[in-house]
Amino acid sequence: MRGLIGLVLGLLAVPAFAQTAPTPPAPVRVAFETSAGRVVVEVEPAKAPITAGNFLKYVDQKRLDGIVFYRTVKVQDRFGFVQFGLQSNVKKMLPAIRHEPTTLTGIKHVDGAISMPRLAPGSARAEFTISVGAQPSFDADPAAPGDNLGYAAFGRVVEGMDVIVAIMNAPTSPTATIQGAFKGEVPMAPVKVLTARRVAP
């Protein structure tokens with residue numbers, strides 16, 4: 001009889017236990033040690049689990065070690081972006097991920113935002129940009145015609161924004177391209193990522 005009562009009480013306790021909400025993952029900081037200085041980004045796996053998770057896989061598997069900031073776009077003083085990633089190194093690339101628009105994550109392209117550019121939605125793999133100045137044109141805009149899903153922001157720079165600005169301001173070649181693209185946007189002396197590692201907040 002006591003065993004039966006205990007079983008019934010145990011079953012009654014299950015719904016209360018099941019209703020306990022899981023703790024969302026905390027923001028994660030990653031430090032880039034570069035040839036131009038240290039940059040720390042804070043990514044949001046709770047808000048952008050697919051995009052942040054993809055980025056952290058590249059970090060944890062050390063796939064970003066040795067890459068360069070290969071593109072800089074300076075529109076005006078302290079406004080533009082820098083781009084880095086694996087470029088055409090398909091051997092180090094992970095599979096493409098599902099697109100997480102800013103309307104879904106709530107993470108906007110503010111000053112210092114780290115984001116994934118892409119071609120068609122769902123094609124992003126191993127390229128990343130950091131905004132210098134707010135870039136609302138990169139956010140999703142459901143009211144716009146055509147492909148209006150924007151890029152997938154998933155965090156922001158919390159230390160070393162001066163390094164990012166310096167990378168953007170560095171001289172670019174007037175003639176160099178990367179596979180025929182980005183003419184006028186290829187740095188003359190690309191900044192190298194020595195290591196990318198998780199760090200304590």
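Odds and ends about this structure:
- Cα Rg over Rh - segment 153-198, Kirkwood: 1.04
- One chain, two ends: residue 68 and residue 144. Fully extended at 0.36 nm per residue, the span grows by 24.0 nm beyond their Cα-Cα distance.
- Only Lys, Arg (+1) and Asp, Glu (-1) charged, at Cβ; segment 25-199 dipole about Cα centre in debye: 560 debye
- Shape metrics for the chain, restricted to C-alpha atoms - Rg then Dmax, Å: 21.0, 87
- Compared with the direct C-alpha span, the chain from residue 26 to residue 40 gains 3.4 nm at full extension, assuming 0.36 nm per residue.
- Under the span-like rule (Cα at least 20 Å along the axis, Kyte-Doolittle mean at least -1.0), DSSP H helices of the chain: 2-18
- Relative contact order of segment 25-199, defined on C-alpha pairs under 8 angstrom at six or more residues apart (%): 33 percent
- Sequence ranges 165-176, 107-118, ranked by mean other-Cβ count within 10 angstrom, highest first: 107-118, 165-176
- Too-long pairs where the Cα-Cα distance tops 20 Å, listed order kept, from 108/192; 91/183; 57/91; 62/92: 108/192; 91/183
- Where labels lie 7 Å past Cα in the beta-carbon direction, separation of residue 175 and residue 96 in nm: 3.5 nm
- Over segment 99-158, equivalent-ellipsoid semi-axes from the Cα gyration tensor in Å: 17, 13, 9
Every number in this text was worked out from the coordinates using simple rules, so none of it is lab data. Keep in mind that what you see is a predicted model, and the values were worked out from it rather than measured. When we count neighbours, we look across all protein chains shown, and the Cβ atoms used for this are built from the backbone with ideal geometry, even at glycine.
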